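Taken together, the values in this text are just the output of simple stated rules run on the coordinates, not laboratory data. What you see is a predicted model, and the numbers here were worked out from it, not measured in a lab. Here Cβ is always computed from backbone atoms with ideal geometry, including for glycine, and neighbour counts include all displayed protein chains.
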Amino acid sequence: MAKIDVVLGLQWGDEGKGKIVDVLAGRYPAVARFQGGPNAGHSLHFDGKKFVVRSIPSGIFREGSENIIGNGVVLDPVTFREECGNIAKMGIDARKKIAISKKAHLILPTHKLMDAALEAAAGKGKIGSTLKGIGPTYTDKVGRHGLRVGDILAPDFKERFTALKNRHLQEFAAMGFTCDPDKDEAEWMDAIDFLRSFRLVDCEYFLNEWLEDKPVLAEGAQGSLLDIDYGSYPFVTSSNTTIGGVCTGLGVAPSKVGKVYGIFKAYCTRVGSGPFPTELFDETGEKIRRIGNEFGAVTGRPRRCGWLDLVALKYTVMVDGVTDLIMMKSDCLDDFETIRVCTSYRIGGQETQQFPFDTAAEIEPVYTDFKGWNTDLTGIRKEADLPVEFKDYIKFMEDYLGVPISIISLGPDREATIER
Ligand code: IMO
Ligand code: MG
C-alpha cells in the first residue's frame with residue numbers, strides 16, 4: 001500500500017507551493033488538489049520560463065503524470081478551459097493528464113458577482129477576496145443547493161443551473177446590488193461543454209485504487225492561516241487548507257497519509273485584509289517586497305510583508321502534524337544586516353507563545369535577532385557551502401519548531417533547491 005504525501009502552505013498563502021510540488025512531482029506519478037479553486041496562483045519556473053496554474057495541479061508539467069482535481073475543490077469551468085489552453089501551447093494534452101471529481105462544486109458566473117456584492121456591502125470590513133466566487137460557492141455547497149461537476153451530465157442540468165441562478169438573483173435584489181447576471185453565461189455554458197470531454201471520476205475510488213501500489217502527492221492551496229477553522233477568522237478563505245482537508249477533499253483516510261511537508265517563507269506575506277502581527281510598514285518591508293517580488297500571481301496586488309512569525313508557524317506545524325519543513329526564499333534576505341524572527345507575542349502585557357483566539361487584539365511581536373549572512377545564497381547547491389550564520393539561523397528554527405527543515409529553496413528555478 002502506497003501513501004499520500006501532502007504539501008501544505010503554513011502561512012497566509014504564496015509560500016511557493018507550485019515550485020515545490022513541481023520539484024517533488026518527479027517522484028510522484030500523481031498529484032491531487034483537494035481544496036480551494038482559482039483563488040490560488042501557483043508559479044513554476046523551469047527552462048527559463050514562468051508558468052502559473054490556478055485549478056490544475058502543479059504536477060501537470062511532469063511527463064506521464066496523472067493530475068486529479070478532488071471533490072473538495074471549487075471549479076470555474078471558464079478559468080479551467082483557459083488554463084488548459086495555456087498548457088496545450090506547450091504540447092500538453094490536458095484531457096489525457098487530468099481527472100476531475102464528479103463531486104467537485106461548480107463556480108457559476110453569479111457566484112463571482114456575489115463575491116463582489118458581499119465585498120462591496122462589507123465596506124471597511126471587507127476580506128480582500130480574490131473575487132473568484134470561492135466563498136459563495138462553498139456557501140451553496142454547505143447550504144446544500146450547489147451544483148456539482150457530475151451534474152453537468154444530467155439531462156436537466158440547464159434547469160438546475162437556472163434554479164441556482166435565480167436564487168442568486170433574489171439575493172442581489174434583496175441586497176440592492178445591480179449587475180448584468182447574463183453577461184458571462186454563454187461563455188460559461190461553452191466551457192461546461194469543454195468540461196464534458198474530460199474524465200469525470202469518483203475520486204475516492206480512483207485514488208484509493210491508485211494508492212494500492214502508487215504514491216500520490218496532495219497539493220494544498222492557500223495557507224493554514226487562511227483556514228476556515230484555524231485561520232484569522234473572518235479574514236480567511238472558505239475551505240479547510242489544513243491537513244483534514246486532504247481526507248475530506250479527496251476521500252482518503254488519515255491512515256493513508258504519509259509525510260506532511262509544511263512550506264514557509266523565511267519572512268511573511270499576506271494579501272488581502274486581516275491581522276498580521278509582524279507586518280512592516282517601513283523601508284524594510286518595502287525592501288522585502290521588492291527583492292522577493294511580492295506581488296499577487298492572481299490579482300497583481302502588492303503583498304503586505306513582514307518578519308517571520310514563529311508563533312504562528314509553530315501553531316500551524318502543530319495543527320497540520322508537519323513531518324518535514326521546507327523553507328523558501330531565504331535568498332531574498334541575503335542583503336540584510338539583521339534578520340528578525342518573532343518568537344513570542346505580548347498581548348495585554350502578557351507574553352505568550354500561543355496563537356490567540358482573538359487575532360484582532362493588539363499583538364506586539366517579541367523578536368529574536370540574527371546577524372545577516374550577507375552572502376549570495378542563490379548559487380549554492382550543497383549544504384556544506386552554506387554560510388555559518390545561515391546554519392545557525394536554521395538550527396534555531398528547527399529547535400523552536402521541533403521539526404527538521406528537509407528542503408531549502410534558494411531561488412525560483414527547479415534547480416535552486418538543497419535537500420538535506
Ligand atoms: P495560493 O494558493 C494568498 C486570500 C485573499 C483574501 C482571502 C479570501 O496562491 O497560496 P478568497 O478569494 O479565497 O475568498 O479570499 O484569502 N487568498 C490568498 N492569499 N494566496 C492564495 O492562494 C490565496 N487565496 C486566497 O487574498 O485575503
Ligand atoms: Mg498565490
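Structure notes:
- Centre separation in Å (Cα based) which lies between the stretch 106-161 and the stretch 32-101: 21 Å
- Of the residues ILE243, PRO215, VAL260, the one whose Cα sits farthest towards the positive end of the charge dipole of the stretch 183-279 is VAL260 (charges of +1 on Lys and Arg Cβ, -1 on Asp and Glu Cβ, taken about the Cα centre).
- Orientation-averaged projected area, Cα convex hull of the stretch 58-116 (nm²): 4.5 nm²
- The slack in the chain from ALA173 to ASP190, taken as 0.36 nm per residue of separation less the alpha-carbon distance, amounts to 3.4 nm.
- ³J(HN,Hα), Karplus 6.51/-1.76/1.60, whole Hz, each residue of the stretch 272-282, x for Gly, Pro: x, 7, x, x, 7, x, 9, 4, 10, 10, 10
- Overall Cα dimensions of the stretch 110-221 - principal axes, largest extent first, Å: 54, 36, 24
- Exceedance of the 18 Å cut-off in Cα-Cα distance is limited, within the set LYS132/LYS183; LYS265/LYS395; LYS141/LYS183; LYS49/LYS96; LYS141/LYS165; LYS287/LYS314, to LYS141/LYS183; LYS49/LYS96; LYS287/LYS314.
- When the chain is treated as a GNM with alpha-carbon contacts under 10 Å, the residue of MET397, MET327, MET175 showing the greatest mean-square fluctuation is MET175.
- Computed about its Cα centre, the charge dipole of the stretch 140-278 is approximately 480 debye, with only Lys, Arg, Asp and Glu carrying charge at their Cβ.
- Distant-in-sequence amide H partners of LEU75 (H built 1.01 Å from N, under 5 Å): HIS105, LEU106, ILE107
- Springs join every pair of Cα atoms under 10 Å in this Gaussian network model of the chain, and among GLU83, GLU187, GLU119 the largest mean-square fluctuation is at GLU187.
- Packing-based order for 309-321, 371-383, using average beta carbon neighbours within 10 Å, highest first: 309-321, 371-383
- Per the Cα gyration tensor, the stretch 254-320 maps to an equivalent ellipsoid with semi-axes of 26, 14, 11 Å, ordered largest to smallest.
- Among the trypsin sites (Lys or Arg not before Pro) in the stretch 86-155, those located in a DSSP loop and surrounded by at most 12 other Cβ atoms within 10 Å of their own Cβ are LYS89, ARG144.
- Diffusion constant of the stretch 1-109 at 10 °C, which comes from Stokes-Einstein with the Kirkwood Cα-pair radius and 1.306 mPa s, µm²/s: 112 µm²/s
- Considering only beta bridges that DSSP places wholly inside the chain, some 40 percent are antiparallel.
- Using θ = phi - 60° and Karplus 6.51 cos²θ - 1.76 cosθ + 1.60, couplings along the stretch 221-231 (whole Hz; Gly, Pro as x): 10, 6, x, 4, 7, 9, 4, 4, 9, 9, x
- The stretch 192-309 - Rg (one decimal) and Dmax (whole number), Cα, Å: 18.2, 53
- Charged neighbours of SER101, selected by a Cβ distance under 9 Å, balance to +1 (K, R count +1; D, E count -1).
- For the chain: span of alpha carbons on each principal axis (Å, largest first): 66, 50, 39
- Restricting the trypsin sites (Lys or Arg not before Pro) of the stretch 201-297 to loop positions (DSSP other than H, G, I, E, B) with no more than 13 neighbouring Cβ atoms within 10 Å leaves nothing.
- Rounded to the nearest 20 debye, the dipole magnitude of the chain is 800 debye, with +1 charges on Lys and Arg beta carbons, -1 on Asp and Glu beta carbons, and the Cα centre as origin.
- Amide proton proximity set for PHE46, modelled H, under 5 Å, gap of 5+: PHE51
- Choice from LEU147, LEU200, LEU169 with maximal GNM fluctuation in the chain (Cα, 10 Å cutoff): LEU169
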